[in-house]
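Below: the structure, in structure tokens.
The values are calculated or read from the model by the stated rules, or taken from the named source; none is laboratory data. Small disclaimer: the values here were computed from a predicted structure and weren't measured. Please note: Cβ atoms are built from the backbone with ideal geometry, for glycine as well, and neighbour counts cover all protein chains shown.
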Amino acid sequence: MASSVAIGLLVWFGGLNAAANGVITLGLVVAFIELAQMLFRPLRQIADKFNTLQMGMVAAKRVFEILDTKAQIANQGTQVLANTKGAIAFKNVCFSYTAGEQVIKDVSFTVQPGETIAIVGATGAGKSTIINLLNRFYEINSGTILIDGVSIKDYTLESLRSQIAVVLQDVFLFADTIHNNISLNNETITEKEIQRAATQIGVSKFIDSLPGKFQYNVKERGVMLSSGQRQLIAFLRAYVSNPGILILDEATSSVDSYSEQMIQTATDTITKDRTSIVIAHRLATIKKADKILVMDAGKIVESGTHKELLDQQGYYSTLYKVQFASEKGQES
């Protein structure tokens, strides 16, 4: 406003004087207008810097609020979970995010070492909540969760979560190289180990096709890669960590057919001889599971192999027929 007022006064006074054949010329008026803008430019820059400083203070406040947040999960366990066998047991587990609204209702099941189980059900049935409880992201209301016969509350959080690898539907990649996104800057994981792992699960061909290969920068959130390629990176990240328990949460729900085939090959490799929990909407991907748990409204309503559940003509059979008919209709 001050700059505009100053320029207006210069034009008004200088213009009248020049028009009346005074001592002020048109060139002098233009020169003073330029000088006035030069005078106010530093003030404008200071104002811009002040705005930037204010935005930085707001962002810093949010960061400090997160840093000051106290953990809701008590890390009071004393036992270290190392080289787990992968035996999992849920015994009468109940859980609610909001008091009085149970999401998991008296759930009980066991997973033997090296066994692959699948959890299916409608959206909101409680499938992903099972994963969150196993990782102790939330505390259960009642019941017990055991790994290798020991309650997960007796393990330290660091050792518990280091033995569980999770591959989610929405893969987050950092603005860094593929190597660092896989190793997560863990110096004990060498590039040779990553290359060997990539060959074993069948993703080396895709990485070798990229410029720079393992040194290729995927940019923020992995925007330089397709959704299927990001999933393959997530599989490789889980594989090199050598977890005792592997969890796949909707890992093939949003990828093309070619990527799904590669992911299925990677899945078969990394789940071999390893306790695995697979959550999937697409039932065709879980036919080979040793056991399938069918959840509805927070309860396990059916369990068994793919063939056993189809023979029961229950919830799973209906779900499978509806999905099969839908996929057949899309193909036609």
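Observations on the model:
- Count of residues meeting criterion [exposed (fewer than 10 other Cβ atoms within 10 Å of the Cβ) and in contact (Cβ under 8 Å) with a residue 12 or more places away in the chain] in the stretch 39-81: 3
- Of the residues in the stretch 33-52, not one is more than 24 Å from ALA2 (Cβ to Cβ) and hydroxyl-bearing (Ser, Thr, Tyr).
- The one condition in (1) assigned by TED's automatic domain parsing to the domain that holds GLY143; (2) among the aliphatic types (A, V, I, L, M); (3) touching a Phe, Trp or Tyr at 6+ places or on another chain (Cβ under 7 Å) that ALA118 fails to fulfil: (3)
- Complete set of residues in the stretch 180-200 that are in contact with a helix residue (DSSP H, G or I) (Cβ under 8 Å, 6 or more places away or on another chain) and under 24 Å from THR271 (Cβ atoms): ASN181, ILE182, SER183, LEU184, ILE189, GLU193, ILE194, GLN195, ALA197, ALA198, GLN200
- Selection status of GLY114, within 22 Å of LEU246 (Cα to Cα) and crowded, with 17+ Cβ neighbours inside 10 Å: no
- In this entry, ILE130 is excluded by the filter for residues that are in contact with a Ser or Thr (Cβ under 7 Å, 6 or more places away or on another chain), in contact (Cβ under 8 Å) with a residue 40 or more places away in the chain and at negative phi.
- Of all the listed residues (VAL107, VAL103), the sole one being of a type in the set (A, V, I, L, M, F, W, C), surrounded by 15 or more Cβ atoms within 10 Å (Cβ to Cβ) and more than 17 Å from LEU146 (Cβ to Cβ) is VAL103.
- Among (1) part of a loop (DSSP other than H, G, I, E, B); (2) modelled with pLDDT of 80 or more - the single one THR199 does not satisfy: (1)
- Any hit, the stretch 138-151, residues being closer than 20 Å to ILE73 by Cβ, at pLDDT 85 or above, surrounded by fewer than 17 Cβ atoms within 10 Å (Cβ to Cβ) and among the charged types (D, E, K, R): yes
- Contact map, the stretch 173-190: first residue farther than 20 Å from PRO211 by Cβ, second residue among the polar types (S, T, N, Q) and at pLDDT 85 or above, Cβ cut-off under 8 Å, separation 6 or more or different chains; pairs are ILE189/SER183.
- Scanning the stretch 52-102 for residues that are part of a strand (DSSP E or B), more than 25 Å from the chain's Cα centre (by Cα) and modelled with pLDDT under 90 yields a count of 2.
Table: residues versus (1) out of contact with any Cys (no Cβ under 7 Å at 6 or more places or on another chain); (2) assigned to a helix (DSSP H, G or I).
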site: PHE109; (1), (2): yes, no
site: THR123; (1), (2): yes, no
site: PHE137; (1), (2): yes, no
site: GLY143; (1), (2): no, no
site: LEU146; (1), (2): yes, no
site: GLU158; (1), (2): yes, yes
site: ARG161; (1), (2): yes, yes
site: ALA165; (1), (2): yes, no
site: PHE174; (1), (2): yes, no
